[in-house]
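Undergrad: Input: one structure, supplied below.
Throughout, read-outs are computed from the coordinates displayed, never taken from laboratory work. Keep in mind that this is a model prediction, so the values were computed, not measured. Note that we place each Cβ from the backbone using ideal geometry, even for glycine, and neighbour counts take in every protein chain shown.
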Amino acid sequence: MKNYIIGDEIVFNPKPDAVPYNYRISYKLAQICLILYNCCGRSGGSLIKLHMISIALSTTDDMKKLEGFANNERTHYTIVRLDPAVNHAVKYALADGLLFQQKNGLFRLTKKGKTYVKNINKDFNLMKNERDYLSRLADKLTEEKIKTLTSLWRYSNVED
Amino acid sequence: MLRINRLKIEIKTIEGVYGFDSMFKEGLNFIASEDNTCGKSSIIAAVYYCLGFEEIIGGRGEKVLTSVYKTSIEDGEQVLPVLESGAYLEISNGKEVITIYRSAKMEGRDNKLLTVYHSPIDDVGNPNVFCEDMYVHMPNSAVNRKGFHNYIEKFLHLELPLVPASDDVTRKLYLQLIFSGMFIEQKHGWADILSGMPILGIKDSKKRILEFILNLDTLENEKKKNELKSQENKIKRDWDSCLKELIVLANRESCELRSYPQNPIILSENDISKISMTKNNENIDVYIKLLREQYKELKLLKPKIIDNFDEIQNELSETENTIFRLENELTESKEMFNSENVSIEKLEKSLEIINSDIRNNKDAARLRDLGSELNLSTSKDLCPVCNQIIQDTLIPNRTDIEVMSIDENIRHLNAQKEMLQFAQNSHLQNKKILHDKITKLENSLFRLRNLAKSLRSDLYLTNDNMSESLVYKRIQLDTEINSLDKLLDFFSKQKSILKGLSEEWKSYLEAKSALPSKKFTQSDERKLISLRNYFIANLNKFGYKSILNLNQVEISRETYLPVIEGFDMKFDSSASDNIRAIWAFILALLQTSNEQAGNHPGVLIFDEPAQHSIVINDMREFFNSIIKLNGYNQIIVGITMKDSDTLHAINTLPLKSYNLIKIPNKAFRRSTNNS
């Protein structure tokens, strides 16, 4: 059998990996802050709402689906995807003082978070698509709608 | 040469016109006041202002003028507001006399506007006097016809050179820079030699000014270098366009141009003969000859079919074979063309994706910056809780594999984008080549099919008829011969144009090598030596003491400023000696220019030369040197005769040797309506 190995040792230097832009900490943090600013009123936003909207912002199709659900147009929005990255980002945001969690589990922006969002809004071109979509979505995705969706899980996926 | 004849300042108030009006003579002129703040600087500032040189005082427009022109003027106890003000300056270039009017405060008149009357001040209202409006401090006023400095340059018979500017273009050496070597103003002008020079974006401006004043040959060299540069560009452009025209025309006839020089070179006869035009790999002359022979043979053939039946059949089958081959080639080429198009589209889509990725990553970078403004630890790659270094990613990954930072990501994406664009460009080029090839093939197929058609119809016609294919072939050959002949004509014409350009190139190269590289010509050396000698003589006369052995002073060949042992002289001088050095140098420039035919306009203004407690004897020597200047020069000295020493120094000068303009307390007096 022929020996194809050039030498005794092969040295491998791993090159840095690329990371998609929406998995960068600063980007996700900004997304979460924008979601809380635009779509959650004074009462605050639940974690699931953050997941749902954050996932929806990834492609235009998903954006349409969620908007349809919020406008009561579609009745077959059933798949809710949960992204652990959002959880990590929420932890970072809590630690950095951009959000705080109320006693009822809902999240709200702190003063720092609000300043952050204001600074983002000052730049006209920054995250334009996301901001436009979120201001269109506004308050339409209510916590009740989400509750009805999640309650389906309890009843349809649990078997005795 | 510039001579200031008369200055008339008018300040209009509600109580009447206040002003100043005085004549200046040749030689030494004193503008003397008995106390400070009498308005002497206002008067000298008016001279700068009317010539558009107020940048030497350090500003543009009326802001360099004192408040007496703009706000209010005192008359005894009264403080009168200024309604309008302006100044007339009468100057001469030795032959002609003009008056310049510039307003300092006037409603409805821009302060950048100067009116030039072609007459002395007394004739200004005369309707026969020609007057023109010009402007200063607008872009291009140094070269535009309506620019005042452009006019003054011509009036003074100065030829300002084009010099390199700081943004790599060439600009005209501005007049304000040159006059900063002649007009020394009171506040900044005495800091250093040529320190009042405004910053106007010229490279090595002090050096250029001195070169110009002394009329050094290096100035000529700069001019010549610029001319040669533009000549070189012109020849290159003509060469390029000549070749391009030829290649385009040749391509139309499916010919190729071979062995031609891309860039201008000196063409020998051999080189010219090497440039050849070929068609189907044969020299075009040979090809045309072949065609003519074919044509002759065709002429010999009898056109009637019956004689050519066999040949017609053979030719038809040959033509059909060629058509078949060309059609195959055409289909192949079209397939390749389509696949190139598909690749280009795919690359376009990928480029879109990459562009949006780059945008999003740039957004992420911007967000990170906003975060660090708010002091978020995550923006600094630190964990907010334990302050450990974290990677900028939300995807859990092994800690020993590094992750790219946002900036690296952006760089990476940009590199990818460049690569894709490069690939897309090469596909576009291929597409273009294929397109040309397809067009050529289609043309040949068109001709061949026509030929086949006429051959076929010949075969089926009755035997007595004219052979259509023969006629068709003859016409084809005829047209081809004609167009190739025209091409050949054009080719020889272009060759002679190239030969002409090659001659021009040769003379350009000769002129370029004739330029001296950096050494000074003999006359330059003489001028610099004379400058040094005058300078040292002046220093001696004025009592310069900081350097013991003045013979060690040299004029630097790099900066044309005085140095001692390689160091600038001012480092060794005391403050008052610095003043003496400035007197000595400015005067030496004038003296050298007078002796050696330099470009000095022959006028100097010294505003308060008695700085830093200068010894009065030295001042007297200064005045004496001025009086002794040979040549027609005009020196204006603004001086405060506060102490008896100065008064004495002036009074002991020979009576007719100076012109004393005394400024009374408060320079501006109520003037009568006629003056």
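Undergrad: Tell me which of B:GLY108, B:SER72, B:TYR48 sits at the most positive position along the dipole axis of the stretch B:1-138, charges placed on C-beta atoms (Lys, Arg +1; Asp, Glu -1).
TA: Working it through, the farthest residue towards the positive pole turns out to be B:TYR48.
Undergrad: DSSP loop chymotrypsin sites (Phe, Trp or Tyr not before Pro) in the stretch A:48-154 with at most 11 other Cβ atoms within 10 Å of their Cβ, which ones?
TA: Passing sites in the stretch A:48-154 are A:PHE124.
Undergrad: Can I ask one more? What does the net charge come to around B:LEU382 if you take all other residues with beta carbon closer than 14 Å to its beta carbon, with K and R at +1 and D and E at -1?
TA: Result for the local shell: -1.
Undergrad: What nm value, rounded to one decimal, do you get for the distance between A:ASN72 and B:GLU442 when each label is placed 7 Å out toward the C-beta?
TA: Reported label-point gap for A:ASN72 and B:GLU442 is 6.0 nm.
Undergrad: For the stretch B:427-449 and the stretch B:613-668, write down the distance between their C-alpha centroids in whole Å.
TA: Cα centroid to Cα centroid, the span is 89 Å.
Undergrad: Round to a whole angstrom and tell me the spacing of the C-alpha centers of the stretch B:473-538 and the stretch A:1-44.
TA: Using only Cα atoms to place each centre, the spacing works out to 61 Å.
Undergrad: Follow-up question, since we're still on this one. Residue-wise, which Karplus ³J(HN,Hα) couplings in Hz belong to the stretch B:256-264, taking 6.51 cos²θ - 1.76 cosθ + 1.60, θ = phi - 60°, and x for glycine or proline?
TA: Values per residue, Gly and Pro as x: 10, 9, 10, 6, 9, x, 6, 10, x Hz.
Undergrad: Another question about this same structure. At 222 nm, what helix-only mean residue ellipticity would chain B give, in deg cm²/dmol to the nearest 500, using -39500 (n - 2.57) for each DSSP H run of four or more?
TA: -17000 deg cm²/dmol
Undergrad: Ok, one more. Explain nothing, just the number: relative contact order of the stretch A:26-98, from Cα pairs under 8 Å at least 6 residues apart, as a whole percent.
TA: Once normalised by length, the contact order is 36 percent.
Undergrad: For a test of the definition: using alpha carbon positions, the gyration tensor, and the 1.5 limit on a/c, classify the stretch A:35-160 as rounded, prolate or oblate.
TA: In terms of gyration-tensor shape, oblate.
Undergrad: Averaged over B:384-397, how many beta carbons belonging to a partner chain fall within 10 Å of each residue's beta carbon?
TA: Partner-chain Cβ atoms within 10 Å, mean over residues of B:384-397: 5.
Undergrad: Moving on. If you take every residue apart from A:PRO16 with its C-beta less than 13 Å away from the C-beta of A:PRO16, what net charge results, scoring Lys and Arg +1 and Asp and Glu -1?
TA: Local charge sum for A:PRO16: -3.
Undergrad: Please tell me which of these pairs span more than 24 angstrom C-alpha to C-alpha: B:LYS112/B:LYS172; B:LYS172/B:LYS244; B:LYS244/B:LYS274; B:LYS299/B:LYS453; B:LYS172/B:LYS206; B:LYS172/B:LYS229?
TA: Too far apart for the 24 Å limit: B:LYS172/B:LYS244.
Undergrad: Shifting gears a bit: Name the residue farthest towards the positive end of the dipole of the stretch B:490-545 from the options B:SER523, B:LEU539, B:SER496, assuming +1 on Cβ of Lys and Arg, -1 on Cβ of Asp and Glu, about the Cα centre.
TA: Most positive-ward Cα: B:LEU539.
Undergrad: Given +1 on the Cβ of Lys and Arg, -1 on the Cβ of Asp and Glu, and no further charges, what dipole in debye does the stretch A:1-120 carry about its Cα centre, rounded to the nearest 20?
TA: 700
Undergrad: Also: Would you tell me the mean number of C-beta atoms belonging to other protein chains that fall within 10 Å of each C-beta in A:79-87, as a whole number?
TA: 1
Undergrad: Partner chain Cβ atoms within 10 Å, averaged over the residues of B:356-364 - can you pull that number for me?
TA: 6
Undergrad: Starting from the 7 Å offset along Cα-to-Cβ, what nm value, one decimal, do you get for the label separation of B:LYS349 and B:MET23?
TA: In this crude spin-label approximation the distance works out to 9.2 nm.
Undergrad: Something else about it: What net charge is computed for the residues neighbouring B:ARG258, neighbours being all others with C-beta under 12 Å from the C-beta of B:ARG258, Lys and Arg scored +1, Asp and Glu -1?
TA: Local charge sum for B:ARG258: 0.
Undergrad: A follow-up question, please. Under 17 Å Cα-Cα from A:LYS91, which aspartates and glutamates qualify once same-chain neighbours fewer than 8 residues away are excluded?
TA: Output for A:LYS91: A:ASP83, B:ASP381, B:ASP392.
Undergrad: Additional query: Need the list of lysines near A:LYS2 for cross-linking: C-alpha distance under 16 angstrom, and skip anything on the same chain fewer than eight residues off.
TA: Within the straight-line limit of under 16 Å, A:LYS2 reaches no lysines at all.
Undergrad: Which stretch or stretches of the stretch A:90-106 have amide N atoms under 19 Å from the point lying 7 Å from B:CYS386's Cα along the Cα→Cβ direction?
TA: A:90-97
Undergrad: Now a separate question. Filter B:LYS25/B:LYS541; A:LYS49/B:LYS362; B:LYS70/B:LYS662; B:LYS527/B:LYS662; B:LYS154/B:LYS234; B:LYS95/B:LYS662 down to the pairs with a C-alpha to C-alpha distance above 31 Å, please.
TA: With Cα atoms farther than 31 Å apart: B:LYS527/B:LYS662.
Undergrad: Hey, another quick one. Which chymotrypsin sites (Phe, Trp or Tyr not before Pro) from the stretch B:467-568 combine a DSSP loop assignment with at most 16 other Cβ atoms within 10 Å?
TA: The qualifying sites are B:PHE520.
Undergrad: About the Cα centre of chain B, how large is the charge dipole given +1 on each Lys and Arg Cβ and -1 on each Asp and Glu Cβ? Please answer in debye to the nearest 20.
TA: 1260
Undergrad: For a quick protection proxy, order the peptides B:275-283, A:144-152 by their average other-Cβ count within 10 Å, most packed first.
TA: In descending order of packing, they fall as B:275-283, A:144-152.
Undergrad: Rounding to the nearest 20 debye, state how big the charge dipole of the protein assembly as shown is about its Cα centre with +1 on each Lys and Arg Cβ and -1 on each Asp and Glu Cβ.
TA: Magnitude of the dipole: close to 1480 debye.
Undergrad: Starting from the stretch B:517-620, pick out the GluC sites (Glu not before Pro) whose DSSP state is loop and whose Cβ has at most 12 other Cβ atoms within 10 Å.
TA: When the GluC sites (Glu not before Pro) of the stretch B:517-620 are filtered for loop state and at most 12 Cβ neighbours within 10 Å, B:GLU558, B:GLU565 remain.
Undergrad: I'd like the FRET efficiency for A:ALA138 and B:VAL615, computed as 1/(1 + (r/R0)^6) with the beta carbon distance as r and R0 of 60 Å, rounded to 0.05.
TA: 0.10
Undergrad: Could you work out how far the C-alpha centroid of the stretch B:218-289 sits from that of the stretch B:1-59, in angstrom?
TA: Here the two parts' Cα centres lie 62 Å apart.
Undergrad: While we're on this one: Search the structure for amide H atoms under 5 Å from the amide H of B:LEU604, placed 1.01 Å from N in the peptide plane, and list their residues when 5 or more places away or on another chain.
TA: Long-range HN contacts for B:LEU604: B:GLN634, B:ILE635, B:ILE636.
Undergrad: May I pose another question? In whole Hz, with x marking every Gly and Pro, tabulate ³J(HN,Hα) for the stretch B:269-276 from phi via Karplus 6.51 cos²θ - 1.76 cosθ + 1.60, θ = phi - 60°.
TA: Each residue of the stretch B:269-276 in turn: 4, 4, 4, 5, 5, 6, 5, 9 Hz.
Undergrad: Farthest toward the dipole's positive end in the stretch B:130-193, which of B:LEU173, B:GLY147, B:PHE130, given Cβ charges of +1 (Lys, Arg) and -1 (Asp, Glu) about the Cα centre?
TA: Farthest along the dipole direction, towards plus: B:PHE130.
Undergrad: How large is ³J(HN,Hα), in whole Hz, for each residue of the stretch B:650-657 in order, when computed from phi with the Karplus curve 6.51 cos²θ - 1.76 cosθ + 1.60 and θ = phi - 60°, using x for Gly and Pro?
TA: 6, 5, 7, 6, x, 4, 7, 8
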